[in-house]
Structure formats: C-alpha cells, structure tokens
1. Could you please give the count of residues in region 193-246 that are part of a helix (DSSP H, G or I) and open to solvent by less than 70 Å² (accessible area, probe 1.4 Å)?
2. Select from region 95-119 the residues that are among the basic types (Lys, Arg) and modelled with pLDDT under 90 and list them in ascending order.
3. List every residue pair whose Cβ atoms lie under 9 Å apart, where the two residues are 6 or more positions apart in sequence or sit on different chains, the first residue falls within region 85-105 and is part of a helix (DSSP H, G or I), and the second residue, located anywhere, is among the hydrophobic types (A, V, I, L, M, F, W, C) and open to solvent by 60 Å² or more (accessible area, probe 1.4 Å).
4. In region 271-321, how many are aliphatic (A, V, I, L, M), farther than 14 Å from Phe236 by Cα and open to solvent by less than 30 Å² (accessible area, probe 1.4 Å)?
5. If Arg84 meets every condition in (1) closer than 27 Å to Thr24 by Cβ; (2) modelled with pLDDT under 90; (3) crowded, with 19+ Cβ neighbours inside 10 Å apart from one, which number is that one?
6. Which ones in region 374-397 are farther than 17 Å from Ser332 by Cα and assigned to a helix (DSSP H, G or I)?
7. Which residues, taken from region 322-342, are buried (at least 22 other Cβ atoms within 10 Å of the Cβ), in a helix (DSSP H, G or I) and among the hydrophobic types (A, V, I, L, M, F, W, C)?
8. Leu362 versus (1) open to solvent by less than 70 Å² (accessible area, probe 1.4 Å); (2) within 14 Å of Leu321 (Cα to Cα): which is the lone unmet condition?
Amino acid sequence: MGEVEVPPFFLCPISLDIMKDPVTVSTGITYDRESIEKWIFSEKNSECPVTKQVISDSDLTPNITLRRLIQSWCAINASYGIERFPTPKPPINKAQMAKLLREAKSPQLQMKCLEKLKSLASESEANKRCMEATGAVQFLASTINNTIESSVSEESEDGFDLKKASDEALIILYYLELSEAGLKSLSGQNGEFIDSLTQIMQRGNFESRTYSVLLLISVFEVANPMQLMSLKPELFVQLVQVLKDQISHKATKNTLKLLINVCPWGRNRVKTVQAGAVPELIDLLLEAHEKRDCEMILVVLDHLCQCAEGRAELLNHGAGLAIVSKKILRVSKMATERAVRILVFVSKFSATPSVLQEMLTLGVVAKLCLVLQVDCGSKTQERAREILKLHAKAWKNSACIPMNSFSSYPN
C-alpha cells in the first residue's frame with residue numbers, strides 16, 4: 001500500500017484488515033461481516049471480542065456510513081494500489097427465503113432453487129442461519145427422504161432428476177453447518193433420515209456417500225444415547241463397505257471417526273464386527289503409513305476387541321496379531337497404548353494355547369518386553385507387564401526372552 005496510512009477505524013478488530021462489509025453487533029462495536037459471523041456462528045463464541053460483553057442479539061446491523069467512507073477512501077487512494085471493493089450483497093431475509101422454498105416445491109423449479117440455496121449458503125453465515133430459521137433444513141431433508149422412498153435413480157415421469165436433487169440437497173445440508181437444534185431435528189425423524197443416508201451410502205455415487213458419512217458424524221454428535229444404541233445393522237454394513245471401497249482418504253478417515261463415536265454405545269461393537277469391519281480394518285492397517293490413520297484404526301480395533309466377536313475376528317485374520325504388534329513403538333504413544341490395550345483383551349479373554357504360541361512366534365511377547373524398557377507411558381507399561389505376568393508360565397522357557405524378564409513374576 002505504499003506510504004498510505006489506513007485510518008484505524010477502517011480496520012476490523014478481529015482480522016485487522018480493511019473492512020469490506022462493516023456491521024455492528026449489539027455491543028456497539030463494528031466488525032467486518034465475514035470475521036464476526038465466523039466468530040459467532042462457526043466458532044460458537046457469545047462474547048464481543050473487544051468489550052467481552054455478551055452479544056445478546058445475533059442480528060448484525062450494516063454500518064452503511066462507515067462502508068461508504070471506506071469505499072471513498074479506497075477510491076481516493078487508488079494511485080497507491082488500493083482497490084475499491086464493490087458494495088456487498090445484503091444477506092437474504094426470511095421473506096425472500098420463504099418465497100424461494102415455496103418455489104422449490106415445484107418439480108420444474110426445484111433444481112434451480114437448490115442451486116440458488118447452495119449459492120446463498122456459500123455467501124455468508126447470515127444466509128445459513130436464515131435458511132435454517134425458515135425451514136430449509138426440513139425441505140432439504142424431505143427432498144432426500146422422498147427420493148429414497150421413490151427408489152428412483154433415473155428421471156421421474158415428469159422429467160425431473162430426483163436423484164440429482166437429492167445429492168444437491170445432501171451437500172447443502174452439510175455446508176449449512178447446522179446448529180444443535182437443526183441437527184437434532186434430523187436425528188429425531190423416527191430414524192427416517194438416518195435410514196435415507198444409509199440408502200445413499202449403498203446406492204449413491206462416491207461424492208454422495210462421502211457427504212452421507214460427514215453428515216452422520218454431525219447428527220450423531222447431538223443424538224441421545226437411546227438413538228445411538230438403536231442404530232440398525234444395515235448402517236454398519238454400509239460404513240464397512242465405504243472402508244472396503246476406499247472411495248477417498250477423506251471418506252475413509254471420516255468413516256473411522258464415525259465408528260469411533262458410535263462403537264462405545266450398546267451393541268454397536270457387535271454390529272460393526274458382524275458387518276465385517278475387523279478384516280477391513282486390519283487390511284487398512286497393513287497399508288497405513290500416516291500416523292493419524294494408524295491411530296484411528298487402532299482405536300476402532302480397540303473398541304471391537306472388547307467383545308468376543310471382535311477378538312475372534314482379529315485372531316482369525318492371518319495378519320491380525322502381527323500388524324497390531326508391529327505398530328507398537330513405531331507410530332506414536334497413542335498407537336502403542338491402543339495396540340497394547342488390544343493385546344490385553346486378547347490375553348485376558350481369548351488366550352488359548354495356540355494363541356499364546358502365536359504371540360511368541362510372531363515376536364509379540366518380545367515386543368511387550370521392549371515396552372517395559374522404553375518411555376511409552378506408565379499405564380501402557382503396566383498393561384504390558386500385566387500380560388507378561390498373566391502368561392509367564394507359558395512363555396518362561398522361551399529362548400527369545402532373557403530369563404531376568406520374568407525374575408519378579410510368579411511361577
């Protein structure tokens with residue numbers, strides 16, 4: 001900007017950049033719309049960044065006088081390379097949104113209206129909140145549910161592509177970044193919306209399957225325990241299929257996140273195992289190189305090995321014990337902790353003579369001894385010691401383990 005000094009009251013207190021769309025909050029402080037909307041809606045802050053007072057009203061009042069001053073100043077200083085920004089488009093109001101949603105109920109106009117909704121959602125947080133407040137969430141959810149009920153994958157009789165509308169509605173719902181109330185309205189539809197997302201994961205394209213997983217993560221974050229405990233087996237079948245198909249790294253990572261969130265509840269571990277998750281997770285772990293990927297896979301396996309069915313599947317896989325043991329001390333403290341936890345469950349509840357011999361042959365026992373000698377967390381070392389004590393008699397005469405490793409263990 002050369003030698004031009006920007007008047008300090010032209011700068012947003014949050015971004016410290018020149019304000020393009022100055023708006024005033026209930027505390028009387030003016031911010032750039034994009035910055036304060038992110039502060040209030042995306043980051044869920046309720047206090048004014050400057051005054052620390054509670055923002056009692058989320059409505060933002062455009063500071064038109066200040067905006068015109070800034071625009072004039074930019075024009076006067078154009079020779080210094082300062083660009084005059086255009087007058088910002090005002091957020092949509094509730095009356096305009098209601099009219100758009102009414103028009104969207106017409107099959108002939110629906111796709112055009114969905115494209116308009118998508119555009120509006122991308123423009124500002126204010127538009128997103130207006131859409132949610134005027135019934136857009138219910139409209140978008142019904143568009144998805146109705147498409148699933150119709151079982152239509154091609155064009156309907158009136159020439160309108162319902163599946164395309166459903167895919168568009170799904171993307172918009174995700175990008176709306178719904179409030180807790182909005183997400184609860186989706187999860188509370190007697191399971192219909194979750195069933196619809198399950199069907200999309202089964203029949204949809206790669207993109208729609210990914211967005212289904214992302215939306216389910218958000219919905220389950222606000223669901224009550226009873227809803228999480230009553231999830232249908234088919235949902236887990238489709239989640240495992242997403243892992244198997246390896247749609248994208250993003251889809252895989254978010255599917256793992258979803259399983260981590262739901263597996264602690266009710267019989268979801270058994271449902272996940274019965275859907276075939278354990279072999280897929282082991283295969284993923286064999287190929288995983290990124291630290292976070294390994295950690296997430298081991299967390300899911302840790303949950304699943306807390307049930308007999310999960311442990312049986314791990315032991316039935318030729319590489320199950322080997323790959324879990326391999327990740328100890330090679331990825332991160334968290335990965336080591338989870339891998340040792342998995343071995344604890346196996347050692348306590350599934351340790352047949354053949355399993356114990358396999359652990360010895362594969363070097364699992366030697367790895368546990370190594371855990372005792374390095375800094376990987378006292379709790380993890382305690383668990384490793386517990387395993388070695390538990391089966392000291394079976395492993396005591398092994399040539400691969402120093403005799404003093406068991407000097408303090410009972411015969």
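1. 36
2. Lys105
3. Lys94/Ala133; Met97/Ala133; Glu103/Leu109
4. Total satisfying the criteria: 12.
5. Going through (1) closer than 27 Å to Thr24 by Cβ; (2) modelled with pLDDT under 90; (3) crowded, with 19+ Cβ neighbours inside 10 Å one by one, Arg84 breaks only (3).
6. Glu382, Arg385, Glu386, Ile387, Leu388, Lys389, Leu390, Ala392, Lys393, Ala394, Trp395
7. Ile323, Val324, Ala335, Ala339, Val340, Ile342
8. So the condition that Leu362 fails would be (1).
The values are calculated or read from the model by the stated rules, or taken from the named source; none is laboratory data. Just so we're clear, the structure is a prediction, and the values are computed from it rather than from any experiment. Reconstructed Cβ throughout: ideal geometry from the backbone, glycine too, with neighbour counts over all protein chains shown. Heavy atoms of the whole protein, side chains included, go into the accessibility calculation; ligands, DNA and RNA do not. Shrake-Rupley method; radii C 1.70, N 1.55, O 1.52, S 1.80 Å.
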